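Chemist: Once you've had a glance at the structure underneath, I'll fire off some questions.
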Amino acid sequence: MELGLGPLFPGFKYPTSRKTVLARSSINGPQSSSNGSLSVKPARTIPGKPEADVVVIGSGIAGLCCAGLLARYNQDVLVLESHDLPGGCAHSFDIKGYKFDSGPSLFSGFESRGPQANPLAQVLDALGESIPCAKYDSWMVYIPEGEFLSRIGPTEFFKDLEKYASRNAVQEWKKLLDAILPLSAAAMALPPLSIRGDLGVVSTAATRYAPSLLKSFIEMGPQGAFGAPKLLRPFSEIMDSLELKDPFIRNWVDLLAFLLAGVKSSGILSAEMVYMFAEWYKPGCTLEYPLHGSGAIVDALVQGIQKFGGQISLGSHVEKIVVENGKATGVKLKGGQFIRAKKAVVSNASMWDTLNLLPKEQLPKSYIDRIKTTPQCESFMHLHLGFDAEGIRDDLGIHHIVVNDWDRGVDADQNVVLISVPSVLSPNLAPPGKHILHAYTPGTEPFELWDGLDRRSAEYKKLKTERSEVMWRAVERALGPGFSREKCEVKLVGTPLTHQRFLRRNRGTYGPAIQAGQGSFPGHSTPIAQLYCCGDSTFPGIGVPAVAASGAIVANSLVSVSQHSQLLDAIGI
């Protein structure tokens, strides 16, 4: 999360000789550290005049995207990050020469351009930054029916279905693709970067893209155009309307939805799923992994911020958002320093953590109640390993998904384990002849099991051992007999308390568990004037593309329509 006190795992020391990022200056350019993150040193107070046009709380992907675009718009922007590395959940860290991702590792669309590009790619394009990537097209799947290499693309998955499911599953999958891929034109016709939070959206989005929207509806035909309103409904409703009943298809789609947004197909917006299907099941599609790890994404965004004169201050923990006469006028740091925001404060913290920064007497009771009653996704268990590659098969893939029991549901605890071995594509992330591995349970670990435990107690250590065993078994299954726990040079286990403590994430949560059709993600404005929010607690929701879009929407909302339109022209969308 964006307000972390330190790394996800505290068992290593950061370099002390680092360059401080100064206000609106990048004469020498940013320097990258060995772990793929910006090399700066924490600051207890902000040098120079402690003010900016816009103060951004937290340097997660959303906060960095927002700040980068604001700097691009020539706004004086300052990002305050409590962690001593930028990136929030996407930061990377180095232990004994092993460079680990702390969060997301499944990416696509970095090299896409134009209106249908990934929102993060559009932000990077606006900042003049790019990310070298390795491309691949498959991941290993371990399910009760067997194990297979699942390839993305329009036809490869049919072979897996025929072997591991049934001919009926093949027919239903084809029926699903035939129905939803035409909808992708409508889902992708309106670039997220064109959206803003005021009536200017009529100019930057509705009017600007009306011809392409009309063209997409014409190309879809009457049946497709009639189905377009379903994009704002749960994806399960599309499946129900197609009478898809094959258990394997329903389970597989639930798994994809859960990996994308933390909810099953009954809770995810159809637009999100259609976008994903268009990215993963169109001809020529590929997945991408940054050659220097997920930290390279953070580096690129920070470099973009600096390039256009923005600031980022690490080790700067925001203790409260200052509200005067109903307006957010700045923030107070833990050390007592007040940082004035002349135009706006933007919080990249979760809705619950943002609420804790605000004076409750200044907030409507309905706003407080809505946040407190918003359901949360569960938390994570993490396993980070560094080990010798000797004995590991040469054709090992980067990603592995293990499902133990379909009947329990993909959202059941201890049931699904995701494994990433980035060093098979980027050997520079590990010492020569070594591998790095990150395994985790995707937002399914109950916080209640851990709440109130003393991290130094024998009870806590025992629970860590017990609850991490499912990840160890999944790793052993994926890597085969050549892998040995005892030969791992680095072994790190993270728990919901790790998330809560080091990422300052309320209850260590993955994010809001908002079900499509039953609720909607909040917008970006708040009852406090000049206070905005971005990140996975806001529209469009959870996931890297979604949070990048949320940060862009807030940045767009803080500048004029003409500035916004000029940026869209500049990046060709």
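Chemist: So which aspartates and glutamates can LYS264 reach, going by Cα to Cα under 13 Å and dropping same-chain residues fewer than 8 places off?
Modeler: Output for LYS264: GLU237, ASP254, GLU272, ASP411.
Chemist: Go ahead and run the numbers for FRET between LYS327 and ARG233, Cβ-Cβ distance against an R0 of 35 Å, rounding to 0.05.
Modeler: Efficiency computed from Cβ-Cβ geometry: 0.40.
Chemist: Take every DSSP beta bridge whose two residues both sit in the chain, then give the antiparallel share in percent to the nearest 5.
Modeler: Bridges in the chain that DSSP calls antiparallel: roughly 70 percent.
Chemist: Turning to a different aspect of this structure: Which residues' amide hydrogens lie under 5 Å from the amide hydrogen of GLN376, considering only partners 5 or more residues apart or on another chain, with H built in the peptide plane?
Modeler: It is ALA513, by chain and number.
Chemist: Within the chain, what whole-number % of the accessible surface is contributed by carbon and sulfur, with the 1.4 Å probe and all protein chains included in the calculation?
Modeler: Solvent-exposed carbon and sulfur of the chain make up 53 percent of the total.
Chemist: Which order do LYS372, LYS327 take by accessible area at a 1.4 Å probe, largest first?
Modeler: LYS372, LYS327
Chemist: Cross-link partners among lysines for LYS343, C-alpha distance below 19 Å, same-chain residues fewer than 8 apart left out?
Modeler: Correct list for LYS343: LYS49, LYS320, LYS327, LYS332.
Chemist: Next question, about the same structure. Given R₀ = 56 Å, FRET efficiency for SER112-ASP454 by Cβ-Cβ distance, to 0.05?
Modeler: It comes out at approximately 0.70.
Chemist: Further, regarding this structure: Cβ under 14 Å from SER130's Cβ, SER130 left aside: what net charge do those residues give with Lys, Arg +1 and Asp, Glu -1?
Modeler: It works out to a net charge of -3.
Chemist: Counting just the Cα atoms, what span does the stretch 246-351 cover along each of its three principal axes? Round to the nearest Å and put the largest first.
Modeler: For the stretch 246-351, the Cα spread along each principal axis is 59, 34, 22 Å.
Chemist: For LYS163, list the aspartates and glutamates whose Cα falls under 14 Å from its own Cα; do not include residues on the same chain fewer than 8 positions away.
Modeler: GLU145, GLU147
Chemist: Another question, then. Which helices, taking whole DSSP H runs in the chain, have alpha carbons extending 24 angstrom or more along the helix axis plus mean Kyte-Doolittle at least -1.0?
Modeler: Details: long enough: 208-227 (25 Å, 0.02); 458-479 (30 Å, -0.89).
Helices meeting the span and hydropathy rule in the chain are 208-227, 458-479.
Chemist: Which entries in the list LYS99/LYS174; LYS334/LYS462; LYS230/LYS282 go over 31 Å, if you measure between the two C-alpha atoms of each?
Modeler: Check vs 31 Å cut-off fails for LYS99/LYS174; LYS334/LYS462.
Chemist: A further question follows. Length gain on complete extension for the stretch THR45 to LEU181, per 0.36 nm per residue less the alpha carbon to alpha carbon distance?
Modeler: Working: separation 136, 0.36 × 136 = 48.96 nm, distance 5.18 nm.
Gain in length upon complete extension: 43.8 nm.
Chemist: Next up: Please compute the contact order of the chain in relative form: average sequence separation of alpha-carbon pairs under 8 Å and at least six residues apart, divided by the residue count, as a percent.
Modeler: With pairs under 8 Å counted, the relative contact order is 25 percent.
Chemist: A follow-up question, please. Set the Förster distance to 51 Å, then compute FRET efficiency between SER203 and GLU476 from the Cβ-Cβ distance, nearest 0.05.
Modeler: For SER203 and GLU476, the calculated efficiency is 0.35.
Chemist: Right, another one. Please report the net charge: other residues with Cβ closer than 12 Å to the Cβ of PHE380, K and R +1, D and E -1.
Modeler: 0
Chemist: Sequence-distant or interchain residues sharing an amide H contact under 5 Å with PHE107, placed H: which?
Modeler: Amide H to amide H, under 5 Å and 5 or more residues apart or across chains, PHE107 pairs with GLU288.
Chemist: May I pose another question? Obtain the nm distance between the two label points defined at ALA210 and PHE338 by a simple spin-label model: each point lies 7 Å from its Cα along the Cα-to-C-beta direction.
Modeler: So the two model labels end up 4.8 nm from each other.
Chemist: May I pose another question? Tell me, how many Å apart are the Cα centres for the stretch 145-160 and for the stretch 389-421?
Modeler: That distance is 16 Å.
Chemist: For LYS320, what residues show an amide H to amide H distance below 5 Å, using hydrogens built from the backbone and excluding near sequence neighbours?
Modeler: For LYS320, whose amide H was placed from the backbone, the distant partners under 5 Å are LYS332.
Chemist: Which of the three applies to the stretch 357-514, rounded, prolate or oblate, going by the alpha-carbon gyration tensor with a ≥ b ≥ c and a/c under 1.5 meaning rounded?
Modeler: prolate
Chemist: What is the sum of charges around MET273, taking Lys and Arg as +1, Asp and Glu as -1, for the other residues whose C-beta is under 12 Å from the C-beta of MET273?
Modeler: Cβ neighbours under 12 Å give a net charge of -1.
Chemist: While we're here: Largest first and to the nearest Å, give the Cα extent of the chain along each principal axis.
Modeler: Between the extreme Cα coordinates on each principal axis of the chain lie 67, 61, 46 Å.
Chemist: Another one. Under the definition of Cα pairs under 8 Å and six or more residues apart, what whole-number percent is the relative contact order of the stretch 495-540?
Modeler: So the answer I get is 27 percent.
Chemist: Further question on the same structure: Give me the distance in nm between label points sitting 7 Å out from Cα along the Cα-to-Cβ direction at ASP405 and GLU466, one decimal.
Modeler: 1.6 nm
The values are calculated or read from the model by the stated rules, or taken from the named source; none is laboratory data. What you are looking at is a predicted structure, and each value in this text was computed from that prediction instead of being measured. Cβ coordinates were reconstructed from backbone atoms using ideal geometry, including for glycine residues, and neighbour counts include every protein chain displayed. Ligands, DNA and RNA are excluded from the accessible area calculation, which covers all protein heavy atoms including side chains. Shrake-Rupley method; radii C 1.70, N 1.55, O 1.52, S 1.80 Å.
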